[in-house]
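The values are calculated or read from the model by the stated rules, or taken from the named source; none is laboratory data. Computed from a prediction, not measured in an experiment: that's the story for all the values here. Heads up, the Cβs are rebuilt from the backbone with ideal geometry, glycines too, and the neighbour counts pull from every protein chain shown.
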């Protein structure tokens with residue numbers, strides 16, 4: 001593993017933990033247009049208040065690993081998140097990372113986010129360096145639709161390719177995003193935050209599909225590079241699987257994010273139509 005002996009994790013053994021991190025959750029998606037992040041909308045589905053976005057929780061989950069491995073991880077690592085229970089604004093979350101294994105393939109971490117009641121809100125994993133993955137075709141480019149397709153399995157099966165999104169985050173917006181996330185790691189200096197990048201997968205769905213209240217449930221992320229604030233980021237995706245569980249309609253979406261270089265490849269899972 002490159003630079004293992006000088007890396008901050010060089011002395012870690014399986015079972016050891018990285019320094020834990022506590023953060024006060026912020027609902028930064030209230031104005032996203034998704035009712036699930038608003039109190040009234042979320043309460044209609046049995047939640048106590050508007051949900052903190054899963055992509056925001058993803059940023060919290062990565063903090064201990066990026067604090068230890070720095071931007072190397074953002075260029076050559078993998079991570080995943082599975083949302084287990086709601087996260088609400090104002091809750092003080094505790095994020096932990098345990099080294100599950102180390103071998104010639106690198107470091108593998110198990111990640112958790114818990115709320116003040118110690119309920120498990122999210123679980124995840126991280127690996128560095130990333131394993132070599134077989135290449136698969138990238139989602140094609142397509143224009144954003146003038147009329148969004150219906151949020152039904154039939155419509156998504158008939159037209160699985162989502163529109164291509166181009167977006168830029170200024171240096172000031174990047175600073176404000178990091179401030180809101182209480183995440184001022186040196187590794188992120190001058191860069192767009194990985195949680196902001198993953199958020200673009202949500203926006204891609206919003207711009208292509210006429211979803212109402214919908215919920216991001218999981219993501220598998222291959223980190224391929226970093227983008228400077230001010231760079232134009234291109235996001236494209238396509239629906240690759242549809243399934244139903246407990247009356248909810250789910251989609252797996254293959255998302256590719258790039259700027260001057262590839263940034264992320266994501267398998268993004270969401271409930272796009274909730275059971276009534």
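Considering the range 103-131, the residues that are within 24 Å of residue 265 (Cβ to Cβ) and over 21 Å from the mean Cα position of the chain (by Cα) include one that is surrounded by the fewest Cβ atoms within 10 Å (Cβ to Cβ), namely 104. When residues in the range 46-64 are screened for being out of contact with any helix residue (DSSP H, G or I) (no Cβ under 7 Å at 6 or more places or on another chain) and on the phi < 0 side of the Ramachandran plot, 9 of them pass. Checking each residue in the range 229-238 for being buried (at least 18 other Cβ atoms within 10 Å of the Cβ) and within 17 Å of the chain's Cα centre (by Cα) picks out 233, 235, 236, 237, 238. Only residues that are assigned to a strand (DSSP E or B) and in contact (Cβ under 8 Å) with a residue 40 or more places away in the chain were counted across the range 245-276, and they come to 18.
Residues that are in contact (Cβ under 8 Å) with a residue 60 or more places away in the chain and closer than 19 Å to residue 59 by Cβ number at least 3 in the following helices (runs of 4 or more DSSP H) confined to the range 129-228: 194-208. Within the range 30-43, being modelled with pLDDT of 95 or more and either in contact with a strand residue (DSSP E or B) (Cβ under 8 Å, 6 or more places away or on another chain) or farther than 23 Å from residue 120 by Cβ (or both) holds for 34, 35, 36, 37, 38, 39, 40, 41, 42. Yes or no: residue 160 in contact with a strand residue (DSSP E or B) (Cβ under 9 Å, 6 or more places away or on another chain) and modelled with pLDDT of 95 or more? For residue 160, the condition - in contact with a strand residue (DSSP E or B) (Cβ under 9 Å, 6 or more places away or on another chain) and modelled with pLDDT of 95 or more - is met.
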